[in-house]
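Report on the structure given below.
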Amino acid sequence: MAPHLNIVPSMFVLLLLFISASKVESDAFDVVAKFGAKADGKTDLSKPFLDAWKEACASVTPSTVVIPKGTYLLSKVNLEGPCKAPIEINVQGTIEAPADPSAFKDPNWVRFYSIENFKMFGGGIFDGKGSIAYEKNTCENREFRAKLPVNIRFDFVTNALIQDITSKDSKLFHINVFACKNITLERLKIEAPDESPNTDGIHMGKSEGVNIIASDIKTGDDCISIGDGTKNMVVKEVTCGPGHGISIGSLGKFQNEEPVEGIKVSNCTITNTSNGARIKTWPGEHGGAVSEIHFEDITMNNVSSPILIDQQYCPWNKCKKNEESKVKLSNISFKNIRGTSALPEAIKFICSGSSPCQNVELADIDIKHNGAEPATSQCLNVKPITSGKLNPIPCSGPVPKTPSATA
């Protein structure tokens, strides 16, 4: 295995940046007191919010947009930089989206774009009002799903700290991080019903230096999903469940996907989810690469597939099942993972026949099946490196000709 990666310095640099910036008194732009917003749950916050942002963004000294306590209706807002100085948003209130999905013509509700030295905090709530969308969002209704908004988007954001914010009942993904660098998401709460489709907690792609820390994610899809182009990422002290676990992927569906590398997930607890620590790639389709992925010190509670490499990922049975995945997986470790499995197959390594997994390590694993049968481990096209106590015994179970599909 490759030596342990040192991939957290950006987080400390970012925290130091905001500690030093806090010593400089910032100008406050209160959306109610100065820009006429009304916390009545009926009056659209969009114009006051955008006006406050534009004025704060133009300030040559550090500035803070304040959304006081209360309930606000927000149709949508696009907050763009670059700004002339560090900028913050102090969200104390509850911001609600229109409940009717037809109010949205594109997948954006709250979007931050092209901003550097940004902080959002305050204990506020972004409520996506997703219940109507959940009823209509089916795998056949792709046109409808394409217009559903993400609760909060961060696009091309650099040096950012997001703390003490709640995302509730998003119509689609809760938080999407795209083309960002050095962004920390800390002490977040993400909430949606376990049957809510496509409500990934935090999804990211083409980003470097993303840190997700001490957050609680309960949702209907992946708690965290890590897309192509993600590099040097830390996930720690996260609780996940219900949901689909913490996933690398899915990958290999589209052309020209960028490598995923340098991901460490540690000190997390995953409870009542369909998957735990997972890597998923599509069979057939397109190539890609995944390397230096490390899952460590994780507790699994009644997780259906606690440890899973699935290179035959095929939701809704719409894929090239008779072809092998073209995504190459290497230098992957699962260490000190303990707890219980809801199904006997506690560990499943279903790797590609044309490009077998390389340097996959299992160390100090103790997962017991909650049922009467003992836990088992399945291996296809991989020879894991093993050490320490191992329960179940690696590769001890037969691999079915058609491995069961995972969500």
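The values are calculated or read from the model by the stated rules, or taken from the named source; none is laboratory data. Predicted model only: the values in this text are computed from it and were never measured. Cβ: placed from backbone, ideal geometry, glycine included. Neighbour counts: every protein chain shown. Remember, those area values only see protein heavy atoms, side chains included, never the ligands or the DNA or RNA. Shrake-Rupley method; radii C 1.70, N 1.55, O 1.52, S 1.80 Å.
Take Ile67 and tell me if it is in contact with a Gly (Cβ under 8 Å, 6 or more places away or on another chain) and closer than 20 Å to Phe173 by Cβ. Against the criterion (in contact with a Gly (Cβ under 8 Å, 6 or more places away or on another chain) and closer than 20 Å to Phe173 by Cβ), Ile67 does not qualify. Taking only pairs six or more apart or across chains, which ones have beta-carbon atoms under 6 Å, a first residue in region 72-85 that is at pLDDT 95 or above, and a second residue that is of a type in the set (Val, Ile, Thr) and surrounded by 15 or more Cβ atoms within 10 Å (Cβ to Cβ)? Close Cβ pairs satisfying both conditions: Tyr72/Ile95; Leu74/Ile95; Val77/Val110; Gly81/Ile115. State whether one or more residues within region 307-324 are hydrophobic (A, V, I, L, M, F, W, C), open to solvent by 30 Å² or more (accessible area, probe 1.4 Å) and in contact (Cβ under 8 Å) with a residue 60 or more places away in the chain. The answer is yes, given that some residue of region 307-324 is hydrophobic (A, V, I, L, M, F, W, C), open to solvent by 30 Å² or more (accessible area, probe 1.4 Å) and in contact (Cβ under 8 Å) with a residue 60 or more places away in the chain. When the criteria are applied in full, Asp127 fails the requirement of being farther than 21 Å from Ile202 by Cα, at pLDDT 95 or above and surrounded by 15 or more Cβ atoms within 10 Å (Cβ to Cβ).
When Ile337 is tested against (1) surrounded by fewer than 24 Cβ atoms within 10 Å (Cβ to Cβ); (2) touching a residue at least 60 places away in the same chain (Cβ under 8 Å); (3) within 19 Å of Cys240 (Cα to Cα), just one condition goes unmet, and that condition is (1). Might you check whether a residue that is farther than 15 Å from Asn275 by Cα and in a strand (DSSP E or B) occurs anywhere in region 337-353? Checked against the condition, which is being farther than 15 Å from Asn275 by Cα and in a strand (DSSP E or B), region 337-353 yields no hits at all. Just wondering, is there one or more residues in region 237-260 that are hydroxyl-bearing (Ser, Thr, Tyr) and part of a loop (DSSP other than H, G, I, E, B)? No, region 237-260 contains no residue that is hydroxyl-bearing (Ser, Thr, Tyr) and part of a loop (DSSP other than H, G, I, E, B).
Here Ile298 passes the criteria (1) open to solvent by less than 10 Å² (accessible area, probe 1.4 Å); (2) more than 17 Å from Thr239 (Cβ to Cβ) except the one numbered (2).
Scanning region 163-190 for residues that are open to solvent by 20 Å² or more (accessible area, probe 1.4 Å), assigned to a strand (DSSP E or B) and within 14 Å of Asn211 (Cα to Cα) yields Gln163, Phe178, Lys181, Asn182, Glu186. Quick one: in region 348-382, which of the residues that are touching a strand residue (DSSP E or B) at 6+ places or on another chain (Cβ under 8 Å) and charged (D, E, K, R) is nearest to Glu323 (Cα to Cα)? Here the answer is Lys348. Here region 386-404 is the region considered, the condition is being surrounded by 14 or more Cβ atoms within 10 Å (Cβ to Cβ) and under 26 Å from Val327 (Cα atoms), and the residue that is modelled with the lowest pLDDT is Pro403. Only residues that are of a type outside the set (Ser, Thr, Tyr), assigned to a strand (DSSP E or B) and within 15 Å of Ser247 (Cβ to Cβ) were counted across region 269-289, and they come to 8.
The strands (runs of 3 or more DSSP E) located wholly in region 18-132 that include 2 or more residues which are over 24 Å from the mean Cα position of the chain (by Cα) occupy 27-30, 40-44, 63-67, 71-73. Of all the criteria given as (1) in contact with a Cys (Cβ under 9 Å, 6 or more places away or on another chain); (2) buried (at least 24 other Cβ atoms within 10 Å of the Cβ); (3) free of Cβ contacts under 8 Å to residues at least 60 places away in the same chain, the one not satisfied by Lys236 is (2).
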